[in-house]
Structure formats: C-alpha cells, structure tokens
Amino acid sequence: MAGSRKVVFDAGILILILQDGVGAPVHPETKQPITRPKDRVDYLQECLSDEKSKVLIPTPALSEFLVNAGSALEKYVDDISNEASFVVVPF
Amino acid sequence: MLVSEVEAQDDPKVRERAQKTRKHIGPRDAQDAVVIIDDMLRRDNSVGLVIEPDGATVIEFPGRLKKQFEMIGPISEPGTLDGVPIAIGGQNDPVPVHLEDLDGTVHFCEAKREVARGLSKHLFDDPIRAVGTGRWVRDTNGIWSMKSFRIHDFAVLKEGSLDEVIGRLREAHKKSDWATMDDPLRELETIRNG
C-alpha cells in the first residue's frame, strides 16, 4: 500500500487556500509577488487530495491563524482537530 | 551496469512505482529497498543510480557520499498517532495495543487498562487519534523512528476527504475576521513582524 505524504501548512497557505482574492505573497528571494497564487494553491490542493495527504499544522501557525478567526473559531478548531486529514503538531 | 527490461504493458506501473519511491511516497517495500541498497553501497564505498535509457536519473543512491549521523536515543516525546485499533489484549497493565495507520503500518503501542477498554469499542472500525508519549531513536541515516508509544488518551476521528474538510473550512472562513480584511496577507505579516 502506498505511503501518504505529509505536508506542513503555515497560516499564509491556510488563508490562501480558504479565501479567494487575497492577493499574492512575496517570494522570499526575488521579493516579487508570486504569480498565479490561486492556480498554485488549487493545484496544490488537487495533488494533496489525489495523494490522500495529511496536512500538518504546527501550533504556532495555528495560533497565528486563529488570531483573526472571529466567529469561525469553533468550527476551525473542530474540523482541524478531529479530522483524519489534518493534524496539529508541536513546533 | 545492470540493465533491466520491462514489458511494454508493465511500463506505466514500474514507472509510477519508481517515481513515487523517489518522492518518498512509494510502496513501503520499495522505499525499504532503496534504504537497504543505499546502505550496502555505502559499506562498499560506492554510489549508485537508476537511470532511464536516455540517461535521466530516476533514483539516486548517494552511498558513501551520504552524511553519517550519530545515533541518538531512545528519547521520550509527547505526540499523537493516528490509526485504527486492530489488536488490544494481554494480561498486563499497561495493555499492548496495535494501531494500523493509513499506510498499513502497524504501530505497537500500550495503554492503561482503562484507556484500552475505551479503545476496544473502536476495534477494527474507527480511526482514532491517540495522544501520548513516544520513544524515538535516530539511526545513522538521520532517520527518526518510533519504537513504542504509550497512549494516555484518544479521540475518534472523522474521515472526511481533504476536499470535503477544506470545503467546510472555506464556508466557516466567510465568518472570520480574515474575510473582512482588504489584505489578510499583509495583516499576517504585521502579526509576525509588527
């Protein structure tokens, strides 16, 4: 049986994958906005889904993300904590 | 040089197996074989490659060029482990518990009888997330592996696909403060760096 890939999401990727039209993050080396960010995260999600990957979220990244969770907080925590496809991991 | 011929009808399967193994997501026996071959090459002071007929590298065996790591452990580390309980039993306390993960790997764990009794309700059926303490060692290839895991508590997991979960999170996200911001990525940068 094939092994499942594990990938780490930070708060930036979570925002990009959950929200449309948020602009583009800046490439750390070129300092230029990354092109076609929406296409990239859509393709990432497609690949991870096909490979039945697990998404790991380090606790500091989850903390950053939850700072502005607002009234979505409970739903975020419930889905991220109790789904087999997501795992919160220590930093 | 060892030259292997593959029947045309098997070419896609062999190619997929090799490519997945290169990305470390291949079948476990293939991944284990890569580690064993690489270790044999290292002991023989050699290196190796699997190449396509045109010379393109499929799998690389660094062999003697690979950095050797100092063995570490075992050390204890709190963590979680996902899997379906497939065996719970024994006369002792703690009780041996076997968890089979998504890859088919069986993890040998143990749990106090009270926890094991709760786990038994999910035997063979439900994936659970075990919370506990693992005992880890690092080998000379730098690979950490868990030798045992003491389960302190557990939660039953939902089995939604990644797409389903992200779909639900996207719905919830509309009610978040992020969704009201003009530039949430800039706000994230401000949280990080002021």
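At the interface with chain A (Cβ under 7 Å from one of its Cβ atoms) and either out of contact with any Asp or Glu (no Cβ under 8 Å at 6 or more places or on another chain) or of a type outside the set (Asp, Glu) (or both): is that true of B:ILE166 in this structure? So B:ILE166 fits the description; yes.
Within the set B:GLY167, B:GLY90, the sole residue that is within 30 Å of A:PRO28 (Cα to Cα) and among the small types (Gly, Ala, Ser) turns out to be B:GLY167. Scanning the stretch B:37-84 for residues that are in contact (Cβ under 8 Å) with a residue 12 or more places away in the chain, within 21 Å of B:GLY26 (Cβ to Cβ), outside any helix (DSSP H, G or I) and out of contact with any strand residue (DSSP E or B) (no Cβ under 7 Å at 6 or more places or on another chain) yields B:PRO62, B:LYS66.
For beta carbons closer than 7 Å, sequence separation of 6+ or different chains, a first residue in the stretch A:53-78 that is in contact (Cβ under 8 Å) with a residue 60 or more places away in the chain and a second that is in a strand (DSSP E or B) and surrounded by fewer than 20 Cβ atoms within 10 Å (Cβ to Cβ), there are no qualifying pairs.
Among the candidates B:GLU60, B:GLU100, the residue that is closer than 30 Å to B:THR133 by Cα and at pLDDT 90 or above is uniquely B:GLU100. Listed here are the helices (runs of 4 or more DSSP H) enclosed by the stretch B:85-194 that have at least 1 residues being within 19 Å of the chain's Cα centre (by Cα) and not β-branched (Val, Ile, Thr): B:162-173. Filtering the stretch A:50-72 to residues that are buried (at least 16 other Cβ atoms within 10 Å of the Cβ), assigned to a helix (DSSP H, G or I) and on the phi < 0 side of the Ramachandran plot leaves A:ALA61, A:LEU62, A:GLU64, A:PHE65, A:LEU66, A:ALA72.
Does the stretch A:52-68 include one or more residues that are facing chain B (nearest Cβ under 9 Å), in contact with a Cys (Cβ under 9 Å, 6 or more places away or on another chain) and of a type in the set (Gly, Ala, Ser)? Within the stretch A:52-68, one or more residues are facing chain B (nearest Cβ under 9 Å), in contact with a Cys (Cβ under 9 Å, 6 or more places away or on another chain) and of a type in the set (Gly, Ala, Ser).
The values are calculated or read from the model by the stated rules, or taken from the named source; none is laboratory data. Remember, it's a predicted structure, so these values are computed and weren't measured experimentally. For neighbour counting, all protein chains shown are included, and Cβ atoms are generated from backbone atoms with ideal geometry for every residue, glycine included.
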